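What follows draws every value from the coordinates through simple rules; no lab data is involved. All of these numbers come straight from a predicted model, not from anything done at the bench. Positions of Cβ are backbone-derived with ideal geometry, glycine not excepted, and every protein chain shown enters the neighbour counts.
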Amino acid sequence: MVRKFFFVLTAAAACLQWTGNALAQDGDRIETPKVTVTATKVEKEIEDVPASVSIITEEDIKKSPARTVGELLQDVPGIQVVNSGGQGLKRISMRGEGVNRTLVLIDGQQIVENKSMEGSALMIDPSMIERIEVTKGPSSVLYGSNAIGGVINIITKKGGGKPFQGDVSASFNGASSGFAEAASLYGSAGGFEYRISASYNDQKKLRTPLGLAPNTSFSQGNYGAYLAYNISEDYKVGLSYDYFKADIMSGSQAAGYENFYVDIPEWQRQKAAAFFEGKNLASFMPRLRADLFWQENRKKMRNHVDIDPNVVYMPMILDNYADNVNGQWGLSIQSDWAAGDHTYIIAGYDFAYNTLDADTEADTSSQFSLTYYNKKSKNKGYEYSHALYAQGESYLPLDFTLNYGVRWTYNYSNMTKAEGVQIYKDGTIPPKILGPDDLGAVGDFSSNAPVFSAGIMWQGIENLTVRFNFSQGFRSPTLQEKYLISSMGGGTIYPNPNLKPEKSNNFELGFRYGGYGVNMDAVYFLSLADNYIAQEPVSSGSNTTRYKNVSSALTHGAELALSYESPLSLKPYASVTVMQRRYEDAGKTTWKTGVPLVSGRAGLIYSHSFRNAADFKIDLFSRFASETEDTLDTVHAEYNGYLKYSSWATANIAMGVDFGEKRQYSLSAEVNNIFNKLYQTSVDIYEPGVFASVKFAARF
């Protein structure tokens with residue numbers, strides 16, 4: 001019913017708009033506004049940003065049939081999309097760092113996740129997004145913990161420029177034979193700005209060259225509301241509410257694990273936020289901003305393991321159930337200071353209070369031990385942090401700009417409850433009160449984490465920016481890593497109450513050029529991490545692991561985004577990442593850490609405008625990655641020593657047309673993996689085989 005409603009709404013809006021074209025004036029054409037970025041928490045043109053930043057624009061999102069935010073990000077240099085065995089569970093690794101080291105923000109506020117082995121999922125529908133700012137490299141001075149790999153800041157759509165506006169879209173994705181629909185109403189009048197949005201996405205099983213991947217369907221709904229009032233030209237207050245709910249299945253195509261799946265019938269996120277912004281408060285204070293928000297993330301999950309006795313020496317059936325609630329209150333205050341004509345400083349305070357209430361249940365049966373027992377446990381804890389930060393830039397002679405920053409963060413975490421019982425179903429063994437070896441630990445932990453950044457930027461040649469940056473990153477251990485035992489996917493991970501915060505020192509040399517049809521952004525980066533948190537087996541060949549601070553991790557590489565707008569309406573382009581990552585611990589060193597040496601996308605775009613009728617574009621491109629090896633994933637590599645993915649490349653074509661007098665309609669189509677290439681980018685499932693997608697969008 002929901003899908004039918006959206007399709008009817010889409011068709012009705014299109015008909016109304018076609019009728020209204022006769023009344024439209026030539027000057028009413030909708031133009032895409034010039035994009036500015038807020039990667040430094042100050043609005044800047046991208047060429048003036050002293051960091052590696054990639055932008056997914058509103059126009060990119062409008063034309064993409066991507067099912068998830070992860071698919072929108074898959075071609076950004078330095079990014080790996082981690083599938084986690086399903087379509088709706090995509091997470092992001094940046095510059096080789098694990099997904100726990102990528103900070104995911106929505107409107108500058110973190111998606112809270114205190115009980116996850118694989119970091120925060122991207123819990124928002126693409127239709128709700130105005131743009132995505134990807135800041136690569138540590139951003140801990142501005143954003144705090146978890147920003148070692150980088151920051152993904154998802155900026156949602158807000159109000160409009162007229163009293164009544166709207167947009168609708170509908171798409172079909174052949175990778176999973178699924179439909180997605182979205183609609184929103186927005187505008188501004190009398191000083192008020194508003195938006196009401198809704199979307200629905202229903203995807204079936206993933207089609208790979210091996211056939212339908214079992215247990216890979218998902219559906220999600222996203223609803224949002226925004227209201228702001230401009231008190232005056234310089235003062236603004238606003239409220240927003242966002243609700244996201246997903247039903248996700250994750251499975252495996254690995255031999256012997258076809259009966260393994262993760263069923264998440266309910267994964268929801270809701271957030272309410274309020275803000276105040278004042279501009280030009282004084283000659284020395286151009287801006288003051290305060291944000292207050294509440295957020296709750298709830299996940300109900302069943303992890304089913306039915307191990308094939310022909311593959312594994314001990315067949316068993318294991319069902320783990322979890323009901324986790326993560327809560328969060330957050331407050332941030334930032335003031336901008338203009339210290340004369342040559343120095344601009346931002347200073348702020350961040351506070352976050354997170355809670356975790358985790359209920360777990362396990363049903364286990366084994367043919368060999370002839371046991372069947374049920375285990376229930378409850379864990380509760382909380383953590384909070386206070387942070388002060390300041391970052392400035394000073395304009396120097398000879399077109400140099402000096403950037404510098406510092407952040408001090410105090411973190412405190414406390415696991416207050418860990419209790420449970422194990423009951424044997426045959427009744428011959430009395431119930432067992434569970435202890436720390438079954439439940440995890442209780443306890444508290446605090447840390448102080450000062451971090452610094454410094455850099456210099458030169459813009460002495462027109463259209464060219466050269467930058468060199470040093471930055472420090474840190475990441476505090478989660479409640480999961482310090483106190484909670486996790487038994488998922490047939491393996492068990494033990495916590496470590498003695499974990500220390502991760503720290504890293506990072507260097508970056510970048511060049512950005514835009515002129516004469518050429519656009520280039522090239523960067524070399526080096527990261528040196530200490531006390532890196534990883535999982536290590538408790539014994540050789542075991543799929544039981546424990547969190548540990550390894551001695552060090554080194555990552556270095558280069559990213560290149562290059563394109564040329566030729567006079568023949570042809571645009572060749574390439575976005576390439578070359579990267580290596582090394583772990584060292586207890587005298588052992590490995591470069592086989594799951595990172596491809598070379599990956600990226602390259603293609604050729606042809607564009608043509610049919611006067612006042614339509615704008616057409618066709619894009620022929622390839623995605624590719626070199627061979628990948630991983631000796632660190634001991635759970636999945638138990639029987640062959642390490643994971644290994646072959647090199648791969650796919651051929652793809654995308655076409656799009658904008659039409660209507662104001663180009664208010666767009667129709668996009670893609671055919672991906674044309675030659676039906678069989679390949680993997682992460683464990684458990686293969687990527688889609690050949691498939692087609694189509695999307696229609698309209699604005700009124």
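Taken as Cα centroids, region 275-309 and region 548-587 sit 28 Å apart, rounded to the nearest whole angstrom.
Run the numbers for Ala225 and Leu597: contour at 0.36 nm per residue of separation, minus the present Cα-Cα distance, in nm.
Once the chain is fully extended between Ala225 and Leu597, it gains 129.6 nm.
Could you tell me which of rounded, prolate or oblate describes region 536-581, using a ≥ b ≥ c as the square roots of the eigenvalues of the alpha-carbon gyration tensor, with rounded for a/c under 1.5 and, failing that, prolate when a/b is larger than b/c and oblate otherwise? Prolate is the answer for region 536-581, as a/c is 1.5 or above and a/b outweighs b/c.
Here the contact order of the chain, divided by its residue count and restricted to Cα pairs under 8 Å and six or more residues apart, works out to 11 percent.
In Å, the Kirkwood hydrodynamic radius of region 64-194 over pairs of distinct alpha carbons?
16.0
Relative to the dominant Cα principal axis of the chain, helix 2-20 is inclined by about 10°.
Toward the positive end of the charge dipole of the chain, with +1 on the Cβ of Lys and Arg and -1 on the Cβ of Asp and Glu, the farthest Cα among Asn326, Tyr373, Phe474 is that of Tyr373.
The charge dipole of the chain, taken about its Cα centre with unit charges on the Cβ atoms of Lys, Arg (+1), Asp and Glu (-1) only, comes to about 520 debye.
Arrange the following residues from fewest to most other Cβ atoms within 10 Å of their Cβ: Leu484, Leu643. Don't skip to the answer; put the middle values down first.
Details: Leu484 25, Leu643 20.
Exposure proxy ranking, most exposed first: Leu643, Leu484.
Please say if region 389-458 is rounded, prolate or oblate, where rounded means a/c under 1.5 for a ≥ b ≥ c the square roots of the C-alpha gyration tensor eigenvalues, and otherwise the choice is prolate for a/b larger than b/c and oblate otherwise? Prolate is the answer for region 389-458, as a/c is 1.5 or above and a/b outweighs b/c.
Multiplying the residue separation of Gln270 and Asp585 by 0.36 nm and subtracting their alpha-carbon distance yields 109.3 nm. Mean sequence separation of contacting Cα pairs (under 8 Å, at least six apart), scaled by the length of region 537-637, corresponds to a relative contact order of 24 percent. Ranked by how many other Cβ atoms sit within 10 Å of their own Cβ, fewest first, the residues Met579, Met520, Met128 fall in the order Met520, Met579, Met128.
Simple rule: put +1 on each Lys or Arg Cβ and -1 on each Asp or Glu Cβ in region 466-545, find the dipole, and look at Leu528, Val518, Leu484; the Cα lying farthest toward the positive end is Val518. Cross-link partners of Lys376 among lysines, defined as those whose alpha carbon lies under 24 angstrom from its own and excluding same-chain residues fewer than eight positions apart: Lys115, Lys299, Lys300, Lys417, Lys425, Lys432, Lys482. Each label was represented as a point 7 Å from its Cα along the Cα-to-Cβ direction; for Met520 and Asp48 these points are 2.4 nm apart. Taking the Cα centre of region 316-473 as reference, the dipole from Cβ charges on Lys and Arg (+1) and Asp and Glu (-1) amounts to some 380 debye.
Split the chain at each of the GluC sites (Glu not before Pro) in a DSSP loop with at most 16 other beta carbon atoms within 10 Å, and the longest piece is 259-461. Distance between the C-alpha centres of region 180-223 and region 437-507: 32 Å, rounded to the whole angstrom. Dividing the helix sum by the residues of the chain, where each DSSP H run of 4 or more adds -39500 (n - 2.57), gives a mean residue ellipticity at 222 nm of -1500 deg cm²/dmol. With each label modelled as a point 7 angstrom along the Cα→C-beta vector, the Leu292-Glu627 pair spans 5.9 nm. Karplus-derived 3J(HN,Hα) values for region 46-55, using 6.51 cos²θ - 1.76 cosθ + 1.60 with θ = phi - 60°, are 4, 5, 9, 8, x, 8, 7, 10, 10, 10 Hz; glycine and proline are entered as x. Normalised by the number of residues in region 345-418, the average gap of Cα pairs under 8 Å and 6 or more apart makes the relative contact order 34 percent. Computed extension length for Leu509-Val466: 14.7 nm, one decimal, from 0.36 nm per residue of separation with the Cα-Cα distance subtracted. For the pair Val671 and Leu570, a Förster radius of 22 Å applied to the C-beta separation gives a FRET efficiency near 0.60, rounded to the nearest 0.05.
Taking θ as phi - 60° and the Karplus parameters 6.51, -1.76 and 1.60, the scalar couplings of region 269-276 work out to 10, 9, 9, 10, 9, 9, 9, 10 Hz in sequence order, x denoting glycine and proline.
Evaluated at q = 0.10, 0.13, 0.20 Å⁻¹, a Debye calculation over the C-alpha positions of region 509-663 (equal weights, vacuum) places log10 I(q)/I(0) at -0.57, -0.79, -1.24. Note on Leu281/Phe616: beta-carbon distance plugged into 1/(1 + (r/R0)^6) with R0 of 51 Å gives a FRET efficiency of 0.60. Computing FRET efficiency as 1/(1 + (r/R0)^6) for Val406 and Tyr235, where r is the C-beta to C-beta distance and R0 is 30 Å, gives about 0.50. Put simply, the convex hull of the Cα atoms in the chain casts, on average, a shadow of 31.0 nm². Converting phi to 3J(HN,Hα) with the Karplus coefficients 6.51, -1.76 and 1.60 and the offset θ = phi - 60°, region 658-674 yields 9, 9, x, 4, 10, 6, 7, 10, 9, 10, 10, 9, 9, 10, 10, 6, 4 Hz in sequence order, with x at every glycine or proline.
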